[in-house]
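The structure appears right after this line, and notes come after that.
The values are calculated or read from the model by the stated rules, or taken from the named source; none is laboratory data. Values in this document were obtained by computation on a predicted structure and should not be read as measured data. Here the Cβ is made from the backbone with ideal geometry for all residues, glycine too, and neighbour counts use every protein chain on show.
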Amino acid sequence: MRKDYLTVSKEAAAEIEEKKSRFIATARPVSSEQEAQDFINRLKARYWDATHNVYAYYICAGNVVQKFSDDGEPSGTAGLPVLEAIKKAGVQDVAVVVTRYFGGTLLGASGLVRAYGKSASLGIEAAGIVRKMLCVETCIAMEYSLLGKLQAVMASKGYSVKDTTYTDNVVMEVYVPVDEFDPFSAMVTEASNGRAVISPGEKVYITKEVSC
């Protein structure tokens, strides 16, 4: 499993105009090739009257799958620039469809490459880039007297607390990056003088905003 990777947060679109041709780039996160194809087909149905619906996707969950289509544009001028925009942004598990409504003026090969690449980049930006981090869902059981100190430790180190349950004791559920589990356990043991009980759970991906 990947320890961390960048992807997009949601489905979103951006539009540009080049010599009266409209380029509408729609990007969204996808977890499989089937999901990518369903998204592409949906966009083709939405923009059924467009001149071209160019697409590319790059999926790294399991085996790496990358695919693109020029959809009738000159070979190498449309789908490949969209795929390159995805890779340049550093994102994975992403599909982008760039819809073109021809405006009557030919752009030439270099103009098409620039327009499709720029449009795809803006679509990805509109969808919002986020980081997915593989974490261990970790339970920390403690006495009430330890709660304030351990909460302060979590906050100071930037750990994400999923939930806190209050019964006879307190149980705090914390997302711990897989590479940090051993030092995290040592830190909690030291901070609690060995009185907190640490139990690792499932591995899950959490989403972190990416600072500009």
Next on the checklist: Can you tell me which residue is nearest to GLY123 (Cα to Cα) among those in the range 69-91 that are assigned to a loop (DSSP other than H, G, I, E, B) and polar (S, T, N, Q)?
Outcome noted: THR77
Checklist outcome for this item: Subset of the range 19-35, residues of a type in the set (Ser, Thr, Tyr) and part of a strand (DSSP E or B), comes to SER21, THR26
Checklist entry - Out of curiosity, is ALA155 within 25 Å of the chain's Cα centre (by Cα) and farther than 22 Å from ARG2 by Cα? => result yes
Item to check | Residues that are among the hydrophobic types (A, V, I, L, M, F, W, C), within 17 Å of the chain's Cα centre (by Cα) and surrounded by 19 or more Cβ atoms within 10 Å (Cβ to Cβ), drawn from the range 46-74 | outcome: ALA56, ILE59
Checklist entry - Which residues, counting only those in the range 102-117, are closer than 20 Å to ALA13 by Cα and either in contact with a His (Cβ under 9 Å, 6 or more places away or on another chain) or at pLDDT below 95 (or both)? => result PHE102, GLY103
Item to check | the range 158-177, residues that are surrounded by 16 or more Cβ atoms within 10 Å (Cβ to Cβ), of a type in the set (Val, Ile, Thr) and under 22 Å from ASP4 (Cβ atoms) | outcome: VAL174, VAL176
Checklist outcome for this item: The correct count of residues that are of a type in the set (S, T, N, Q) and in contact with a Phe, Trp or Tyr (Cβ under 8 Å, 6 or more places away or on another chain) in the range 194-211 is 0
Checklist entry - Out of (1) surrounded by 13 or more Cβ atoms within 10 Å (Cβ to Cβ); (2) not in a helix (DSSP H, G or I), what's the single condition that is false for GLU202? => result (1)
Item to check | So GLU180, is it surrounded by 14 or more Cβ atoms within 10 Å (Cβ to Cβ), in contact (Cβ under 8 Å) with a residue 12 or more places away in the chain and among the charged types (D, E, K, R) | outcome: no
Checklist entry - How many of the residues making up the range 92-113 are assigned to a helix (DSSP H, G or I) and either loosely packed, with under 15 Cβ neighbours inside 10 Å or in contact with a strand residue (DSSP E or B) (Cβ under 8 Å, 6 or more places away or on another chain) (or both)? => result 4
Checklist entry - Can you name the condition, by its number, that VAL98 falls short on among (1) more than 25 Å from CYS135 (Cβ to Cβ); (2) modelled with pLDDT under 95? => result (2)
Item to check | Every pair of residues 6+ apart whose Cβ atoms lie under 9 Å, when the first sits in the range 112-134 and is on the phi > 0 side of the Ramachandran plot while the second is among the charged types (D, E, K, R) | outcome: GLY128/LYS10; GLY128/GLU209
